[in-house]
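Below you'll find the structure, written out as structure tokens, and then a few comments.
The values are calculated or read from the model by the stated rules, or taken from the named source; none is laboratory data. Treat the numbers as computed from the prediction; the structure is a model and nothing was measured. Reconstructed Cβ throughout: ideal geometry from the backbone, glycine too, with neighbour counts over all protein chains shown. These accessible areas exclude ligands, DNA and RNA; they are computed on the full protein's heavy atoms, side chains included. Shrake-Rupley method; radii C 1.70, N 1.55, O 1.52, S 1.80 Å.
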Amino acid sequence: MKRLAWFSGIILLIVVILAGLNLVIFKANQPKSDVQGNKTLIIFNWGDYIDPELLTKFEKQTGYSVDYETFDSNEAMFTKIKQGGTHYDLAIPSDYMIQKMKKANLLVPLDHAKLTGLKNYDPQFMNLDFDKGNKYSVPYFWGTLGIVYNDKYVKPGEIKTWDDLWNPKWQNSIMLIDSARDVMAVGLASNNDSINTKNAGELAAAKGRLDALMPNVKAIVGDEIKMYMAQDEAKIALDFSGDASQMIAENSHLHYVVPQGKGNLWFDNIVMPKTVKNKKAAYAFINFISEPKNAAQNAEYNGYATPNEAAKALLPKSIRDDPQFYPSQSVIKQLRVYKDLGLYWTEEYNDLFLEFKMSTKR
């Protein structure tokens, strides 16, 4: 009996050891949010869209560990959050995508009682159509779609409207940002049509207008457009205001202009996706980035316009009074925010842009 008891004890010990090893292996294979519980905050944001020093400051100040992941398009972000493989606590989508995420039931309503910095935001950037009452989002950055030009080749005032891009003088001189919605907006705005149109005829006309621009297009590229323009690789570029600010910081010959007429005014807001696991840390971060000093630091780092009125007051006068990046109300009034087009019309825009894009490679 003693030998049997001893043998049984050995077996029991082995079982306990194996169980322990399995538990260690299981935990090692779990996502950070599962292992570290409420000590990890997972943020899903655009690349290079926050000052890294602020993330370090937040970690030291709160004790949370930040897992920062990036995406390169609203659509890629939407797909990954919808799949639900990663427990993102916060994400920073654009205006029309917030609409789409609401419709898909991918967002958690925000508890305004837990948000301490809402009073810091400029009222004109709150309660917008894509999120009435800011039920699901808090402003992060805003800006415009416009033209960057190099004064070595382009005289100030030579580009005042979208139509000026079609001047034969700019043959093989223009770089376009690789974005269906933004390039199609140029064609639509040039025809004085809505940048949110769901009219097949207007879209076809915009595509035809873009085809006529093709001889002037040097390339259609992504983030590398900033490097190319900074290095004098092209005379003109279609890009966003914040990217333009970064280019200008690298090359004093570059300037940014919002063409007269119709165009795009965009907003990127912070949201809490349905995948959230750490709401406490998420609210802590929103409050942290809403603090004027932190928001101002982030704006100086990125070059994008801050919607935080208290933060704007802390920025150097040369930044907050620069009409290139903080345009007048008269300019803002002529611009429109992108709306969620729905699946059918989104595919129409994408297909027409792809046709145009392929024609530039022939």
Testing LYS169 on (1) more than 22 Å from the chain's Cα centre (by Cα); (2) in contact (Cβ under 8 Å) with a residue 12 or more places away in the chain, one condition comes back false. Which one is that? (2)
I'm trying to understand the selection: among the residues of segment 264-304, which are buried (at least 21 other Cβ atoms within 10 Å of the Cβ), under 19 Å from the mean Cα position of the chain (by Cα) and among the small types (Gly, Ala, Ser)? ALA282, SER290, ALA295, ALA296, ALA299
State all residues of segment 133-176 that are under 21 Å from LEU210 (Cβ atoms), of a type outside the set (D, E, K, R) and surrounded by fewer than 18 Cβ atoms within 10 Å (Cβ to Cβ); if no residue qualifies, say none. THR161, TRP166, ASN167, PRO168, GLN171, ASN172
Restricted to segment 318-357 and to residues being among the hydrophobic types (A, V, I, L, M, F, W, C), part of a helix (DSSP H, G or I) and within 23 Å of ASN196 (Cα to Cα), the residue most open to solvent (accessible area, probe 1.4 Å) is LEU343
Only one residue in GLN260, GLN246 is touching a residue at least 60 places away in the same chain (Cβ under 8 Å), open to solvent by 40 Å² or more (accessible area, probe 1.4 Å) and among the polar types (S, T, N, Q), so which one is that? GLN260
When segment 48-76 is checked residue by residue, the ones that are surrounded by 12 or more Cβ atoms within 10 Å (Cβ to Cβ) and either on the phi > 0 side of the Ramachandran plot or part of a loop (DSSP other than H, G, I, E, B) (or both) are ASP48, TYR49, ILE50, ASP51, TYR64, ASP72, SER73
Could you grab me the full set of residues in segment 78-120 that are open to solvent by 60 Å² or more (accessible area, probe 1.4 Å) and either assigned to a helix (DSSP H, G or I) or closer than 21 Å to GLY47 by Cβ (or both)? THR79, LYS80, LYS82, GLN83, GLY85, LYS100, LYS102, LYS103, HIS112, ALA113, LYS114, LYS119
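In the set ASN199, ASN127, ASN191, which member is of a type outside the set (Gly, Ala, Ser), open to solvent by 40 Å² or more (accessible area, probe 1.4 Å) and closer than 14 Å to LEU213 by Cα?
From the options ASN199, ASN127, ASN191, the qualifying one is ASN191.
Look through segment 305-317, keep the residues that are within 16 Å of PRO123 (Cα to Cα) and not in a strand (DSSP E or B), and return whichever of them is most open to solvent (accessible area, probe 1.4 Å).
Ranking the qualifying residues of segment 305-317, first place goes to GLU309.
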